[in-house]
Structures are given as structure tokens and as C-alpha cells.
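Working notes, beginning with the structure itself.
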Amino acid sequence: MPKLFSSKQIIKVLQKHGFILISQCGSHVKFRKMGLEVRTTIVPDNKKEIPRGTFKSILRQSGLEEKDF
């Protein structure tokens, strides 16, 4: 079974790759990365384990690869 990441781990990697916190609404945090292509990624906050499908969605939104984590 593949490793599940916590929201803290995901947020730390996003910030390391240049994403900045834009806003928070309830338990979801919005990050944005400006550059040639503007990327907006939404991450559920305060979760010990992010489900695999949600993690794949975060990867797609951010443009990062699984090996970056």
C-alpha cells in the first residue's frame, strides 16, 4: 500500500516549491504559485492522512510529481 501523506507534509512541500498561502475557508487552504503558468491548489487542512484520490488531485492542480514528495 502506498504511503499516505498528512496535510502538514503536503503544505510544507508546496511552500518549498514556491506556493504561497492565499486564503483559508473552513478546513481548506488555498495556495497559489505565480510564474509562466499560474497554479492554484486547494489542500484540506488538519488531516493526518490525505486519501489517495485527493492527493492525486493536489498533484494535478499543483503540477508537481509524486517523487517531489
- Task: Go through the residues of the stretch 22-33 one by one and say whether even a single one is free of Cβ contacts under 8 Å to residues at least 24 places away in the same chain and assigned to a loop (DSSP other than H, G, I, E, B).
- Result: yes
- Message: Kindly evaluate Lys48 against the criterion of being touching a helix residue (DSSP H, G or I) at 6+ places or on another chain (Cβ under 9 Å) and assigned to a loop (DSSP other than H, G, I, E, B).
- Response: yes
- Message: If I filter the stretch 2-12 for residues that are out of contact with any Leu (no Cβ under 6 Å at 6 or more places or on another chain), outside any loop (DSSP other than H, G, I, E, B) and touching a residue at least 60 places away in the same chain (Cβ under 8 Å), do I get at least one hit?
- Response: yes
- Quick one: in the stretch 24-58, which of the residues that are in contact with a strand residue (DSSP E or B) (Cβ under 9 Å, 6 or more places away or on another chain) and of a type in the set (A, V, I, L, M) is surrounded by the fewest Cβ atoms within 10 Å (Cβ to Cβ)? Val38
- Within the stretch 24-44, residues over 10 Å from the mean Cα position of the chain (by Cα) and of a type outside the set (Lys, Arg) come out as Gln24, Cys25, Gly26, Ser27, His28, Met34, Gly35, Leu36, Glu37, Val38
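Just so you know, all these numbers are worked out from the coordinates, no wet-lab data involved. No experiment lies behind these values; they were computed from the predicted model shown. All Cβ positions, even for glycine, are placed from backbone atoms using ideal geometry, and neighbour counts span all protein chains on display.
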